[in-house]
1. Calculate, in nm to one decimal, what Lys88 and Glu100 gain on full extension: separation in residues at 0.36 nm each, minus their alpha carbon distance.
2. Using a Cα-Cα cut-off of under 14 Å, which aspartates and glutamates could be cross-linked to Lys60, ignoring same-chain neighbours fewer than 8 residues away?
3. Using modelled amide H (1.01 Å from N, peptide plane; none on Pro or chain starts), what sits under 5 Å from the amide H of Phe86, excluding residues fewer than 5 places away?
4. Hey, what do the phi angles of segment 75-84 turn into as Karplus ³J(HN,Hα) couplings, whole Hz, using 6.51/-1.76/1.60 and θ = phi - 60°, x for Gly and Pro?
5. Quick one: net charge of Ser73's neighbours, Cβ under 12 Å, K/R +1, D/E -1?
6. Apply the Karplus parameterisation 6.51 cos²θ - 1.76 cosθ + 1.60, with θ equal to phi minus 60°, to every residue of segment 10-15 and state each ³J(HN,Hα) to the nearest whole Hz, in sequence, with x for glycine and proline.
7. Each label point is 7 Å from the Cα along the Cα-to-Cβ direction; what then is the distance between the points at Leu72 and Val38, in nm?
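Where a number appears in this text, it was derived from the coordinates with a stated rule and is not lab data. Here the structure is a predicted model, which is why all the values come from computation and not from measurement. Positions of Cβ are backbone-derived with ideal geometry, glycine not excepted, and every protein chain shown enters the neighbour counts.
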Amino acid sequence: MAEYNNCVDFLTVIADRKLKEEIVKLLLDSRGHLIDVVYAKGSVQSGYFKDMLGLVPEEKKVLITCLIAGNLSDQLLEQLVLKFNFDKPNTGIAFAVPVEKLSV
């Protein structure tokens, strides 16, 4: 079995459903593989913590996962900040986790 030096990352993105098509296109353009889309419901409740953190309850979410080359993860996360303002509250969450071994 050949040994690979390139790292593969498992990317997770949680965003508003209306951004689904644009985010999936960005993932495809960034050479994302095995893209999976799941519709979800936000869990932020109205009340003290919402007011304290400035969160607005948003129910319609999308959870998108994919595999991406590890050397492309930082660029992709930066694009999510630039194009979709993921650095602002109530916009989206994205993170990448390295995958060290894949089963064949």
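1. Values: separation 12, 0.36 × 12 = 4.32 nm, distance 3.10 nm.
Stretched out fully, the Lys88 to Glu100 stretch lengthens by 1.2 nm.
2. Excluding near neighbours in sequence, the set is Asp16.
3. HN-HN under 5 Å from Phe86: Val81.
4. 4, 5, 4, 5, 5, 5, 5, 5, 7, 10
5. Summing Lys and Arg as +1 and Asp and Glu as -1 gives -2.
6. Residue by residue, segment 10-15 yields 9, 9, 10, 10, 10, 8 Hz.
7. About 2.3 nm separates the two model spin labels.
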